[in-house]
Amino acid sequence: MTPDTSALRWLAACLPLALAACATTPPPSRIAAPPPAAWQAPLPHQGSLASLTQWWAQWGDPLLVDLIREAQDLSPSVAQARSRLVQAQAARSASRAALGPALDGQASASRGFNEQIGAVAGTAQAGLQAQWEIDLWGGNAAADTAARERLAGAQALWHEARVSVAAEVALQYSSLRTCLQQQEIAERDAQSRAETARLSELSERSGFTAPATHALARASAAEAVARAAQQRMQCAVELKTLVALTGRDEAALRPQLSASPAQPAPEALFTIARLPAQVLAQRPDVYQAEREVAAASADVGQAQAQRYPRLGLSGAIGAARVRTGGTTTDLSTWSIGPLALSVPLFDGGRRAAQEEAARARYDEAAALYRARVRLAVSEVEQALVRLHSSAERNDSARTAAEGYRASFAATEARWRAGMASLVELEDARRTALAAQNALTALQHERTAAWVALYRAAGGGWER
């Protein structure tokens with residue numbers, strides 16, 4: 001069968017007018033959220049930084065690289081992001097399929113009384129049925145655009161999940177290394193105080209030291225033992241936290257940490273050739289928010305298209321075989337049509353409400369995108385400020401630690417010679433210990449600032 005010729009001519013004459021009257025006008029798929037012209041925080045090393053893409057390898061610690069990889073393979077957030085990526089890929093495939101015709105195959109077989117031939121007959125039929133909704137107003141194309149943009153956003157969020165896990169593991173690894181260094185300092189301090197207490201006991205027995213002085217030495221030694229035990233407990237907690245993140249066996253990780261001594265962080269870990277555009281462009285969360293704006297814009301176009309007439313075309317081709325009384329008859333049929341036009345007349349405001357909801361989602365996506373850009377700028381600025389501050393304090397902290405250590409050594413020599421009191425010795429010891437711990441903590445603070453910059457800069461991901 002074929003559609004009526006006069007109906008086709010009427011539809012062809014009216015179609016241009018309908019297209020002009022019903023053209024969709026979605027909001028812009030890109031919005032302006034300009035970053036600042038320049039960072040207000042000073043750049044470390046005057047902006048001369050190492051490559052972001054090889055950041056973890058440039059750390060110079062193969063164990064850290066392995067732990068990050070294991071944590072990413074184990075992370076539930078990465079698995080969730082991967083699942084959403086697969087779902088987005090499936091949604092994109094479905095949206096692309098809607099742009100073309102659908103083809104179904106049909107087959108049947110029966111035996112019974114056939115009215116056409118007036119006898120009992122066996123009938124077998126097979127055919128193909130095609131249906132196609134002609135995308136007059138671009139609604140299906142808009143749905144495909146939205147799916148494509150959300151797929152790009154899902155890919156970006158997968159990168160963001162990996163960046164977050166890497167940053168978390170690196171920060172925990174640095175915290176554990178710092179704890180182990182402070183434990184070593186505490187152990188040496190406990191040994192030193194124990195030796196002081198031993199010498200003080202000998203001096204008391206010889207009558208050269210008052211009992212109160214020896215009591216002070218014993219109390220100082222006991223305090224150091226307790227501090228070292230507390231530090232060992234803290235390091236055990238840090239280690240177990242790292243094990244939980246990476247899934248590595250704790251018994252195997254302990255000797256690996258001992259065999260791989262802590263390495264000082266390299267002076268150059270990042271390269272950001274251009275600020276701030278490159279930093280914002282490579283942040284997965286900002287890119288995903290931008291893609292969501294484009295997807296929401298396409299959703300508005302799709303909602304608008306639902307309010308206009310819909311045109312569908314169908315067709316079929318089939319073959320049948322009828323057998324009765326030893327006689328076989330073959331038949332074949334085909335048809336194009338009907339060409340069906342569906343015009344929405346009254347739906348109680350449902351389609352208008354759907355368009356209004358789509359526009360509201362677009363406004364929300366645009367606001368979230370602008371907020372995400374502002375947050376990205378703020379996070380990079382804060383990381384740069386912390387880096388600059390730690391760099392300013394590093395030399396002073398190192399000089400202070402070396403000076404107090406030398407002062408303690410000199411005071412201990414004077415005490416052994418009987419020229420300084422135990423109170424002076426303990427005061428110098430406490431000051432040297434505090435300065436050494438402060439220097440170690442500052443090194444961890446600097447490492448944490450580098451990790452924060454890595455995360456704020458998008459982890460070196462480039463779209």
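The values are calculated or read from the model by the stated rules, or taken from the named source; none is laboratory data. Predicted model, so just to flag it, every value in this text is computed and none were measured. Heads up, the Cβs are rebuilt from the backbone with ideal geometry, glycines too, and the neighbour counts pull from every protein chain shown.
Could you tell me how many of the residues in the stretch 130-154 are at pLDDT 85 or above, of a type outside the set (A, V, I, L, M) and surrounded by fewer than 20 Cβ atoms within 10 Å (Cβ to Cβ)?
Total meeting the criteria: 1.
Take residues that are modelled with pLDDT of 85 or more, polar (S, T, N, Q) and in contact with a Gly (Cβ under 8 Å, 6 or more places away or on another chain) and tell me which of the helices (runs of 4 or more DSSP H) falling wholly in the stretch 242-332 contain 1 or more.
284-305
For a quick check of your reading of the model, give me the residue pairs whose first member lies in the stretch 52-71 and is under 13 Å from residue 171 (Cβ atoms), whose second is at pLDDT 90 or above and hydroxyl-bearing (Ser, Thr, Tyr), with beta-carbon atoms closer than 8 Å and at least 6 apart or on different chains.
64/173; 67/173; 67/246; 71/246
Criterion first (farther than 30 Å from residue 304 by Cα and touching a Cys at 6+ places or on another chain (Cβ under 9 Å)) does residue 171 satisfy it?
no
Answer with yes or no whether residue 349 is of a type outside the set (Ser, Thr, Tyr), under 30 Å from residue 108 (Cβ atoms) and free of Cβ contacts under 8 Å to residues at least 24 places away in the same chain.
Working: of a type outside the set (Ser, Thr, Tyr): yes; under 30 Å from residue 108 (Cβ atoms): no; free of Cβ contacts under 8 Å to residues at least 24 places away in the same chain: yes.
No: the conditions fail for residue 349.
Go over the candidates 359, 351 one by one and state the one that is over 30 Å from residue 131 (Cβ atoms) and at pLDDT 80 or above.
Unique residue meeting the criteria: 359.
So which residues in the stretch 75-125 are assigned by TED's automatic domain parsing to the domain that holds residue 156, of a type in the set (Ser, Thr, Tyr) and farther than 30 Å from residue 246 by Cα?
Scanning the stretch 75-125 gives 93, 95.
May I ask you to list the residues in the stretch 159-171 that are buried (at least 20 other Cβ atoms within 10 Å of the Cβ) and more than 14 Å from the chain's Cα centre (by Cα)?
Answer for the stretch 159-171, where residues must be buried (at least 20 other Cβ atoms within 10 Å of the Cβ) and more than 14 Å from the chain's Cα centre (by Cα): just 170.
What tally of residues in the stretch 369-395 results from selecting those that are in contact with a helix residue (DSSP H, G or I) (Cβ under 8 Å, 6 or more places away or on another chain), more than 16 Å from residue 300 (Cβ to Cβ) and not small (Gly, Ala, Ser)?
12
Report yes if residue 342 is closer than 30 Å to residue 126 by Cα and free of Cβ contacts under 8 Å to residues at least 40 places away in the same chain, otherwise no. Walk me through it before giving the result.
Working: closer than 30 Å to residue 126 by Cα: yes; free of Cβ contacts under 8 Å to residues at least 40 places away in the same chain: yes.
Spelling it out, residue 342 is indeed closer than 30 Å to residue 126 by Cα and free of Cβ contacts under 8 Å to residues at least 40 places away in the same chain.
Quick check on residue 93: is it at pLDDT 80 or above, surrounded by fewer than 19 Cβ atoms within 10 Å (Cβ to Cβ) and of a type in the set (S, T, N, Q)?
On the way: at pLDDT 80 or above: yes; surrounded by fewer than 19 Cβ atoms within 10 Å (Cβ to Cβ): yes; of a type in the set (S, T, N, Q): yes.
Criteria met by residue 93.
Each row is one residue, and each column tells you yes or no for (1) of a type outside the set (Asp, Glu); (2) in a helix (DSSP H, G or I); (3) within 24 Å of residue 453 (Cβ to Cβ).
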{"residue": "161", "(1), (2), (3)": "yes, yes, yes"}
{"residue": "166", "(1), (2), (3)": "yes, yes, yes"}
{"residue": "196", "(1), (2), (3)": "yes, yes, no"}
{"residue": "201", "(1), (2), (3)": "no, yes, no"}
{"residue": "233", "(1), (2), (3)": "yes, yes, no"}
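For the stretch 393-423, which residues satisfy the criterion of being within 23 Å of residue 214 (Cβ to Cβ) and either outside any helix (DSSP H, G or I) or modelled with pLDDT under 90 (or both)?
Passing the criteria: 415, 416, 417, 418, 419, 420, 421, 422, 423.
Take the conditions among the polar types (S, T, N, Q) and not assigned by TED's automatic domain parsing to the domain that holds residue 361 and apply them to residue 332. Does it pass?
yes
Which residues, taken from the stretch 341-363, are among the polar types (S, T, N, Q) and part of a helix (DSSP H, G or I)?
354
What is the number of the single condition among (1) free of Cβ contacts under 8 Å to residues at least 60 places away in the same chain; (2) small (Gly, Ala, Ser); (3) within 25 Å of residue 401 (Cβ to Cβ) that residue 217 does not meet?
(1)
Against the condition touching a Phe, Trp or Tyr at 6+ places or on another chain (Cβ under 8 Å) and within 30 Å of residue 71 (Cα to Cα), how does residue 169 come out, does it pass?
In short, no.
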